[in-house]
């Protein structure tokens, strides 16, 4: 069997997280460590790891870049991350996936045969920030994106395979993210259950300081 090609991991770790009190969402803890740390651990075998977003703690061997303009959205963040990718294959991941594993990343690498392969959740929704891609194909896609747009629209022309992971009963789905205080509390409870311990006294998010956005995650502005 041919060895899997080297890959770079680009982790989008921005966003205002208004519903979580405006905190840096990837730095919130689930299961005793930050969600960003979980994602970076899942891609520890990457040739390069790049975090796109505002200043925040990352390991010394992780490169941090900022999208332009700051806060310009996921397409701008993806463009900034791809500009630093030296490998032919790139994983594009959200920074708030507290149950992402290296096993799932390996499955995506092994299943990459066309422009990209992404995870589809149990509701049939494409998870654009949970996939593996040909770097050249993504670069071409974002290069043609003019003005604010959605990842769904940018990636629509690409030849994509879809992977539906089998989630065992009692196991948190790998696409679990944390957009609201309820999401965060649920993820923390699931993490505690997995380790056979009561939920830890992790600091809860501060109350939102402004009304939450009604724009769906990663799809702003609407098509």
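Only the coordinates and a few stated rules stand behind these numbers; no lab work does. This is a predicted model, so every value here is computed, not measured. Cβ sites come from the backbone with ideal geometry, for glycine too, and all protein chains shown count toward neighbours.
Worth pointing out:
- Nitroxide proxy distance, nm - points 7 Å out along Cα→Cβ at residue 88 and residue 185: 5.0 nm
- DSSP-defined antiparallel bridges as percent of all bridges, segment 7-194, nearest 5: 40 percent
- As a calculated quantity, the FRET efficiency between residue 114 and residue 60 at R0 = 30 Å, using C-beta atoms, amounts to about 0.30.
- With the cut-off at under 18 Å, measuring from each backbone N in segment 75-108 to a point 7 Å along the Cα-to-Cβ line of residue 193 picks out 98-100.
- The residues 130, 12, 118, when put in order of fewest to most other Cβ atoms within 10 Å, stand as 118, 130, 12.
- Normalised by the number of residues in segment 7-194, the average gap of Cα pairs under 8 Å and 6 or more apart makes the relative contact order 24 percent.
- Inter-label distance for residue 136 and residue 102, nm, one decimal - labels placed 7 Å from Cα along Cα-to-Cβ: 3.0 nm
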